[in-house]
Amino acid sequence: MQCRRLALAALFSLSALAWPCLAATPAPVLQLSGGDFPDLIVHQPRFDDAGNQLPMACDQIRAKRIDELDPLWKRSVDRIHLECEDLKADEAGFDMVATVITGFLKEGTAQFAGQPLAEVRLMDSDLWSDHQYILQRPYPETREALKRFIESRCRAQQDNPAALVDSHCALTDSEEGLYLEASELGGIWVHAEEGYPDRTVYAEAWSD
C-alpha cells in the first residue's frame, strides 16, 4: 500500500510539472503567401417593394465580428475598423461605395513571407482595389527577402516554369519601391509605409 501511495504521488508530481510546459507551448503562427487576404466585411443588401435590390450603400455594410472570421484568422485578429464613403455619380460617374477596412493583428500571430504582420488593410470600390499586408519591419530590412519570395512564387505559378523567361517575374526596382506588373490593370507593390519608417507595405492593387 505504501508503494502504491508513493507511485501515485510521483505521478501527480510529474503531471504538475508537465502542465506548465504544455500550457506554455506557443500556438502556430498563421503563414501567408499573398492572394490570401481575409474577408472582413458583411454585405447586407436591401430591396425595394418590388423585390429589386437597391444600390449598395454604406448603411448596408458592416465589419465582421471576430467570431465571424475564418477559424485561421479568428485567433490572429484583435479588432477590425471599417471606414465607408458613399460616392455619388458626380464624383465617380455612378453611385458606389468606397471602403477601407483594417484588421489589427495580435503580435506574433501572423507572418507574410516569414515577416511579422501588424495589420491587414483592404481598400475597395467598383473602380479600384488595394489589398495590403503591413509588415512590422523596415523596408530596407525586408526588401531582399520579399523580392526573392515574390519572384519565386511568380515562377511557381506559371504553367511551364522551365520555359519561363526570368524577366517575366523580375520585380522592377525604383526609388518608391518594388513593383511586379500582373496585368494592364495592376500588380504588386512593395514599399515603405508613408509616415511609418519601421513598417513595410505589401500591396496587391488594381484600378479600372
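Arranged from fewest to most other beta-carbon atoms within 10 Å of their beta carbon, Lys74, Lys88 become Lys88, Lys74. Taking Cα centre as origin and charging only the Cβ of basic (Lys, Arg, +1) and acidic (Asp, Glu, -1) residues, the dipole magnitude of the stretch 58-208 rounds to 940 debye.
Taken together, the values in this text are just the output of simple stated rules run on the coordinates, not laboratory data. What you are looking at is a predicted structure, and each value in this text was computed from that prediction instead of being measured. Neighbour counts are summed over all protein chains in view; Cβ atoms, including those assigned to glycine, are modelled from backbone coordinates with ideal geometry.
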